[in-house]
Amino acid sequence: MRAEMVADQVTSGLSELVTADQNATCSEANISLMRRIAMSSIYIKAVGRVDGNHMVCSSLEGSDVPFDLGEPALVSPSGVIARGDVQLPIAEDMSFVVLQSGDYALILHKEHPIDTGEVEEGVILAAITRTKAWTFASNGDVPAEWISFLGESDRAVEVTSNYVISLIASDRYDLVGIAAIPIGELDTLVDHIANVAIPIGIVASTILIAIIFYFRRRHSELPAVIRSALKRDEFFLEYQPIIDTDSGKWVGAEALLRWQRRNGERIRPDIFIPAAEEAGMIQGVTDRVLELVRRDVGPFFKFHPDFYISINLSSADLHDVQTATKFQNLSTEIGAADGNLIVEATETSFTMPDKARETIKQLRNLGISIAIDDFGTGYSSLSSLKNLDVQYLKIDKSFVDSVTREAVTSKVVLHIVDLAKTLNLEIIAEGVESEDQVKVLKSLGVRFFQGWYFAEPQSLDQLRLNI
Ligand code: C2E
Ligand code: CA
Ligand code: CA
């Protein structure tokens, strides 16, 4: 890559010189042009005008001209004449590469085409022409036969008795990049890997495996622990208020399950709910939720007849023929009237629409409203929404977050609001955390809000004090 970059600058430098050249040879203007090209290039040290094998003037100030460049070493297929090991009168202890096209020659540093930063001791880097194997630049002896390792291909790796050699041909220039590592150096590299990298790798992977086993064990233990937590009564509910921004009042609350173990450790519902679902024990958990609502609510609805409590159902609950009966019992026990209870279910939990539809129908007959939870995150089949007897859409927090950030997703929110209006559904925006979100959502036509910006989940006793 480095050799190609140098070649690029040479090509563009030479073509600029040839096209811009309107001046008499070695006139003031001609020399200024050469100076400008030399100054504007990183790799070109100087530019000169050539006559035969002599440089007759150049961008170098105060150099003795003309001076002898020596015989050309190579003429490239594109007509560029190359000379290596050229000594300049102003720096006789160094040698340069001179590339000439027409009357102009560019003087380059020998190291630039292979200047790739730090190089390990003994490593050979070289840029060599593919035809005739002329060394454009190298930091060591490159036997001419190395080029033959390429054969017909553009890349090759070859091992000789002394070196591991890697070759890559440029697809734009007649150049091959070569890197050769001495076998001895390779041994130290292998030693380093054997002594340092592998032991570190073993230790790290052992730790990783231990962590994976720990979590897998915890995970596989979880259903058993949930079962014992049900027995030990470690679950309780918090209720997060839902706000009607038309009146500013709290009109309902979502029951959110909480689990605190005897040792004080809290386990989050997004860990234990999926675990219970997977282990086929979510119905037992839902039974407990209904029992907890019964315990918490008591005569609550006598004093707050317009308030509602919203309960989350999992997919298995929706497909369980006993769910409606359980809600009927709860409803009777707490004296819930029409509209006092809502069930929330996600779109994705309707795996068997016919069975779920039957449960929904029975719940609706009990005066219970239905909310689609996390709306927008599932594969919303709008047609199924139309066919379902649903009253609320809860816009997922990810969309609520987006309204003050990404234009594209907030368009989706607009679409959801329109859809809800067409289907005559109420919208609840979930996870609202800022005033800005409320402003935008209200301007779009959202009326109900739930989120930390308004109120956090709390005990029903605490909530009672604030209604
Ligand atoms: P969800 O139904 O989407 O519940 C809303 C979640 O958002 C709750 O998390 C709530 O605490 C959180 N939240 C509310 N406002 C904000 C806010 O402003 N910012 C942020 N960052 N979060 C907010 P939680 O309580 O951890 O519940 C997580 C999920 O667990 C629930 O998501 C629900 O899917 C499930 N879950 C909770 N309780 C029950 C339950 O009784 N039964 C079932 N089946 N699932 C439940
Ligand atoms: Ca919910
Ligand atoms: Ca939700």
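The values are calculated or read from the model by the stated rules, or taken from the named source; none is laboratory data. Nothing here was measured: the structure is a model prediction, and the numbers come from that model. Note that each Cβ is placed from the backbone with ideal geometry, even for glycine, and that neighbours are counted across all protein chains shown. To get the accessible areas, we keep the full protein, side chains included, count just its heavy atoms, and leave off ligands, DNA and RNA. Shrake-Rupley method; radii C 1.70, N 1.55, O 1.52, S 1.80 Å.
Some values worked out for this structure:
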item	result
Qualifying positions in the stretch 344-355 - within 16 Å of ligand 1 (Cβ to nearest atom) and open to solvent by 60 Å² or more (accessible area, probe 1.4 Å)	THR348, THR351
Selection status of HIS219, outside the structural domain of ILE368 (by TED's automatic domain parsing), away from ligand 2 (no atom under 16 Å from the Cβ) and farther than 26 Å from PHE454 by Cβ	yes
Whichever residue in the stretch 336-361 is within 16 Å of PHE301 (Cβ to Cβ) and not charged (D, E, K, R) and, among such residues, is nearest to ligand 3 (Cβ to nearest atom)	ILE342
Residues satisfying the stated conditions in the stretch 1-37, i.e. more than 24 Å from TYR173 (Cα to Cα) and assigned to a loop (DSSP other than H, G, I, E, B)	ASP21, GLN22, ASN23, ALA24, THR25, CYS26, SER27
Subset of the stretch 86-96 [over 16 Å from HIS54 (Cβ atoms) and under 50 Å from the mean Cα position of the chain (by Cα)]	MET94, SER95
When residues of the stretch 317-343 are limited to those that are within 17 Å of VAL285 (Cβ to Cβ) and within 16 Å of ligand 2 (Cβ to nearest atom), the one surrounded by the fewest Cβ atoms within 10 Å (Cβ to Cβ)	VAL343
Among (1) touching a residue at least 60 places away in the same chain (Cβ under 8 Å); (2) of a type in the set (D, E, K, R); (3) within 16 Å of ligand 2 (Cβ to nearest atom), the one test that ARG268 misses	(1)
Residues of the stretch 260-283 classified as away from ligand 3 (no atom under 16 Å from the Cβ), outside any loop (DSSP other than H, G, I, E, B) and buried (at least 16 other Cβ atoms within 10 Å of the Cβ), total	6
Filter result (part of a strand (DSSP E or B) and either more than 41 Å from the chain's Cα centre (by Cα) or within 22 Å of LEU108 (Cβ to Cβ) (or both)) within the stretch 130-165	THR135, PHE136, ALA137, SER138
Total residues in the stretch 262-303, condition over 42 Å from the mean Cα position of the chain (by Cα) and away from ligand 1 (no atom under 12 Å from the Cβ)	10
Breaking point among (1) closer than 23 Å to PRO274 by Cα; (2) of a type outside the set (Asp, Glu); (3) not in a helix (DSSP H, G or I), for ALA336	(1)
Test for ILE242: is it within 15 Å of ligand 3 (Cβ to nearest atom), surrounded by 14 or more Cβ atoms within 10 Å (Cβ to Cβ) and part of a helix (DSSP H, G or I)	no
Residue pairs meeting the criteria (Cβ under 9 Å; at least 6 apart or on separate chains; first closer than 15 Å to LEU393 by Cβ, in the stretch 342-355; second among the basic types (Lys, Arg) and buried (at least 21 other Cβ atoms within 10 Å of the Cβ))	GLU344/LYS394
Which listed residue, of LEU17, LEU33, is without any contact (Cβ under 8 Å) to a residue 24 or more places away in the chain, surrounded by 18 or more Cβ atoms within 10 Å (Cβ to Cβ) and at negative phi	LEU33
Every residue from the stretch 38-87 that is open to solvent by 20 Å² or more (accessible area, probe 1.4 Å), assigned to a strand (DSSP E or B) and of a type in the set (Gly, Ala, Ser)	GLY84
